[in-house]
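S.K.: Okay, handing you the structure first.
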Amino acid sequence: MRDIIEQKSMNNKRLTREEILYLVTNLKNLEIREWIYKTADSVRKKYMTDTVFLRGIIEFSNICSKSCLYCGINSRIKNVERYRMEKEEILETCFQIKKNGQTTVVLQSGEDPYYTKEKMGEIIKAIKEQTELAVTLSVGERDEETYLYWKNCGMDRYLLRFETSNREIFKKLHPDGDFDNRINCLKVLKKIGVQTGSGFMIGLPGADDNDLVNDINQCRELDLDMIGVGPFIAHPETELKEEFIKHEIDYITGVIAILRLTNPDSHIPATTAFDAVLEYQGRQLALKRGANIFMPNSTPQKYRKSYQLYPGKPCVDESGDDCASCVVGRITSIGRTIGKGPGHSMKRG
Ligand code: 5AD
Ligand code: FES
C-alpha cells in the first residue's frame, strides 16, 4: 500500500478513497505516521521547492451578518468590540506589507454588507494601482456578478472554506448557510479564472475518520489552487464552548501531510490555528510536513484582539505591529527560503 501511495503522489496521480482511508486511519500509528510526514515533505520539495511564500493578511472588519456556531465573531456574540477599516487605512497597511518585501495581501473580514460590490472594487483597484500586490479576498459568499466585478478590478485569488463536507454537520453549524451555495461559489470562482482556495476544520463536533476522508477527497475533487485547513478550537463565547477537544499537533500536521500527498501541486498554508495548538512551533511543524505558505498577520495591532475566531490565536499581544520580521526567522531556521514574486498557483499560473 505504501509503495503504491508513494509512487502515485510523487507522480501527481489521484489517490483512491481506500488509499486516503489507509492514511487517515494510520495517523495514530507512529511508524506509518513518520513515513507519511517524510513522504509528504519529499512531495512538497519536488512540486513546490523549498520556497515559502508569504501572504500578509489584513482582517479589515469583524462585523458579520452570519451566526456560524463555531466562530468567535459571529453576529450573536456581544462581548466583542466591532470595527471596520476604511479604504485609506487598508491602503496604508498594504504599503507596509509591500515595504516588508511581501508580494500578496489577503483581505479577510466577516460577511459585512457595508463593503458593497462597488466599495470593495474601489479598494481592490487602489491596491493594484498603488502597490501591485497580488490581491486575495476572503469575505464570504457573494454572487457571480460580484465575483466577476472584483476580478475585473484586479482580484487575483479568493479564499472560502467549505468547512466540512458532511451536509448534516454543515447545516447544524451554519444556521443561515447553505452547503450547495458554498460549493457553487467555489465553482463560480474557478470558472471565472480566479485562483481559488478552500478547506475545512479538523475535528469538528460530530465528525469522524470517514468525514475526514471525505473532506480530503472534496479538496482534490474541487481541484483547488490553495488548501487551507486548521483544527477546530472551541470558543468560550460560542454555543460550541463545551466541545473542547485537545488536539495533538502530530495528528493535525498529519492531515497537512495527507493533503500534500493527495494534492502535490496545490499551495498549502501553515495556518495560524496550528500555533494555537503549539505556540511558536505549530506552523513550522506544518511547513516541515507538507505546507509551503505562511500568512503573517498584518492587521493593525489595535484590532487584533477583536478578531479572535478561536481562543489562543497567536500574534495578538505582541507590541510590534506586524509579524514580518518574526516570520523570516521562523522560515529560514528550518532551512527554507522566502518566495520572491507573487507565488501564483502552480496549477494555472
Ligand atoms: N476554530 C478553528 N477555526 C475556526 N474558524 C472560525 N472559527 C474557528 C474556530 N472556532 C476558521 C473557519 C473560517 C476561517 C476564517 O477560520 O474555518 O473559514
Ligand atoms: Fe506573528 Fe511571530 S508570526 S509574531
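S.K.: Among the numbered criteria (1) at pLDDT below 90; (2) of a type in the set (Gly, Ala, Ser); (3) surrounded by 19 or more Cβ atoms within 10 Å (Cβ to Cβ), which one does residue 286 miss?
M.R.: Among (1) at pLDDT below 90; (2) of a type in the set (Gly, Ala, Ser); (3) surrounded by 19 or more Cβ atoms within 10 Å (Cβ to Cβ), residue 286 violates only (1).
S.K.: Does any residue of the range 323-337 turn out to be within 16 Å of ligand 2 (Cβ to nearest atom), surrounded by 22 or more Cβ atoms within 10 Å (Cβ to Cβ) and part of a loop (DSSP other than H, G, I, E, B)?
M.R.: Yes, there is a match, as at least one residue in the range 323-337 is within 16 Å of ligand 2 (Cβ to nearest atom), surrounded by 22 or more Cβ atoms within 10 Å (Cβ to Cβ) and part of a loop (DSSP other than H, G, I, E, B).
S.K.: Report, by residue number, each residue of the range 240-264 that is part of a loop (DSSP other than H, G, I, E, B), modelled with pLDDT of 95 or more and surrounded by 16 or more Cβ atoms within 10 Å (Cβ to Cβ).
M.R.: 240, 263, 264
S.K.: Are any of the residues in the range 279-288 within 16 Å of ligand 1 (Cβ to nearest atom), part of a helix (DSSP H, G or I) and small (Gly, Ala, Ser)?
M.R.: Among the residues of the range 279-288, at least one is within 16 Å of ligand 1 (Cβ to nearest atom), part of a helix (DSSP H, G or I) and small (Gly, Ala, Ser), which makes the answer yes.
S.K.: Criterion first (away from ligand 2 (no atom under 15 Å from the Cβ) and not small (Gly, Ala, Ser)) does residue 260 satisfy it?
M.R.: For residue 260, the condition - away from ligand 2 (no atom under 15 Å from the Cβ) and not small (Gly, Ala, Ser) - is met.
S.K.: Filter the range 140-170 down to residues that are within 16 Å of ligand 1 (Cβ to nearest atom) and without any contact (Cβ under 8 Å) to a residue 40 or more places away in the chain and give me whichever is farthest from residue 223 (Cα to Cα).
M.R.: So the residue we want is 170.
S.K.: List pairs: first in the range 12-41 and over 20 Å from residue 248 (Cβ atoms), second aliphatic (A, V, I, L, M), Cβ under 6 Å, 6+ apart or cross-chain?
M.R.: Once the first residue is over 20 Å from residue 248 (Cβ atoms) and sits in the range 12-41, its partners that are aliphatic (A, V, I, L, M) give 19/5.
The values are calculated or read from the model by the stated rules, or taken from the named source; none is laboratory data. As the structure is a prediction and not an experimental result, all values here were calculated from the model. FYI the Cβ positions are ideal-geometry reconstructions off the backbone, even for glycines, and counts take in every protein chain you see.
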